[in-house]
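Below is one structure; the comments refer to it alone.
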Amino acid sequence: MSLRSPFRRLIDLVSNQPLQVGDVTSIEDGIATVTLLGGAGLLQARGATTVGARVYVRAGAIEGAAPTLPFEAIEV
């Protein structure tokens, strides 16, 4: 059992940013424009990358290179 308060656990759950995957479509002034897989949208992130690379992005930062694997969307 955790000794942290229920409020602290709630804040930890809400503040976590999801890890997203996308392809870098352009870079301008050190900011990369990333097209999320499955057409889920665009976002801008900072970090070292190249145009055409597939990357992991969290909270506006590029965390690293992602493998180029086929994408399959499943609706639940």
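What to note about this one:
- Added length on full extension, which subtracts the Cα-Cα distance from 0.36 nm per residue, residue 23 to residue 61: 12.3 nm
- Spacing of the two label points (7 Å from each Cα toward its C-beta) at residue 16 and residue 43, in nm: 1.5 nm
- Cα-based helix-to-principal-axis angle, 6-15 vs the chain, degrees rounded to 10: 0 degrees
- MRE, 222 nm, helices only [DSSP H, n ≥ 4, -39500 (n - 2.57), over the chain, to nearest 500]: -4000 deg cm²/dmol
- Förster radius 30 Å - calculated FRET efficiency between residue 9 and residue 35 (Cβ-Cβ, nearest 0.05): 0.30
- The range 3-74, relative contact order [Cα under 8 Å, separation at least 6], %: 26 percent
- Length added when fully stretched, residue 68-residue 51, from 0.36 nm per residue minus Cα-Cα: 4.7 nm
- Among 64, 26, 52 - extreme Cα towards positive end, dipole of the chain, charges at beta-carbon: 64
- A quarter of the convex hull surface defined by the alpha-carbon atoms of the range 4-43 gives 4.2 nm² as the mean projection.
- Pairs of Cα atoms farther than 22 Å apart, the chain, %: 37 percent
- Convex hull (Cα only) mean projected area of the range 36-76, reported in nm² to one decimal: 3.5 nm²
- Rounded to the nearest 20 debye, dipole of the range 1-75 from Cβ charges on Lys, Arg, Asp, Glu: 440 debye
Laboratory data are not the source of any read-out in this text; all were calculated from the coordinates shown. Because the structure is a prediction, the values reported are computed rather than measured. Please note: Cβ atoms are built from the backbone with ideal geometry, for glycine as well, and neighbour counts cover all protein chains shown.
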